[in-house]
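Novice: Below is one structure. I have some questions about it.
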Amino acid sequence: MTEILNEPIASTLEEAAGFVDAQAGRVSSLRDRLAAEDIAIPLIDRLVEELDALGDRLGTIDGDEVVDVARNLARRRGPLLFAAAGAAIGVVAWGGLRRAGASDEPGTSAELESSTEREPSSAA
């Protein structure tokens, strides 16, 4: 079971770490712009530190560790709650994949753009 889940877990963790790193970069850039204007906000400094730490942590998480945590959670909270949470996550993932698949189809973006553009009204 663990071998089946390792690839999707690893790619998801890698994607999450990249996202967190990008957000940390944005917040750090904001901090630098504010510092250039002599504005210091300690909360932003703390946020940058926390985002960096989270990105580092996501980079060190092992797929087996995720599976072990899920198993322990299932044992502690009961199988029905775990199954319901899994179903909810599955529905969310399915919706995301469906939206991603729809954007990959040729003509979909053109249809979306044409439906949002307004044609100029002609004066008679």
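Novice: Starting from the Cα of ILE89, step 7 Å along the direction of its Cβ; do the same at LEU34; then give the gap between the two resulting points in nm.
Specialist: Label-label distance for ILE89 and LEU34, simple model: 3.4 nm.
Novice: What does the net charge come to around GLU65 if you take all other residues with beta carbon closer than 13 Å to its beta carbon, with K and R at +1 and D and E at -1?
Specialist: Result for the neighbourhood of GLU65: -1.
Novice: If you keep only loop residues by DSSP, which GluC sites (Glu not before Pro) in the range 1-43 have at most 11 other Cβ atoms within 10 Å of their Cβ?
Specialist: Numbers: sites: GLU3, GLU14, GLU15, GLU37; in loops: GLU37.
Loop-located and lightly packed - GLU37.
Novice: Along the range 51-63, what does the Karplus equation 6.51 cos²θ - 1.76 cosθ + 1.60 (θ = phi - 60°) give for ³J(HN,Hα), rounded to whole Hz, x for Gly and Pro?
Specialist: Those phi angles translate into 5, 4, 5, 5, x, 5, 5, 4, x, 9, 6, 9, x Hz.
Novice: As an exercise, identify the trypsin sites (Lys or Arg not before Pro) in the range 8-109 lying in DSSP coil whose Cβ has no more than 11 other Cβ atoms within 10 Å.
Specialist: Listed in order of number, the matching sites amount to none.
Novice: Per residue of the range 25-30, what does 6.51 cos²θ - 1.76 cosθ + 1.60 with θ = phi - 60° give for ³J(HN,Hα)? Whole Hz please, x for Gly and Pro, Karplus curve as stated.
Specialist: Running phi through 6.51 cos²θ - 1.76 cosθ + 1.60 with θ = phi - 60° gives x, 5, 5, 5, 5, 4 Hz.
Bear in mind these aren't lab numbers, they're just calculated from the coordinates by the rules spelled out. The model shown is predicted, which means the values in this text are computed figures rather than measured ones. With ideal geometry, Cβ positions are generated from the backbone for all residues, glycine too; neighbour counts draw on all protein chains shown.
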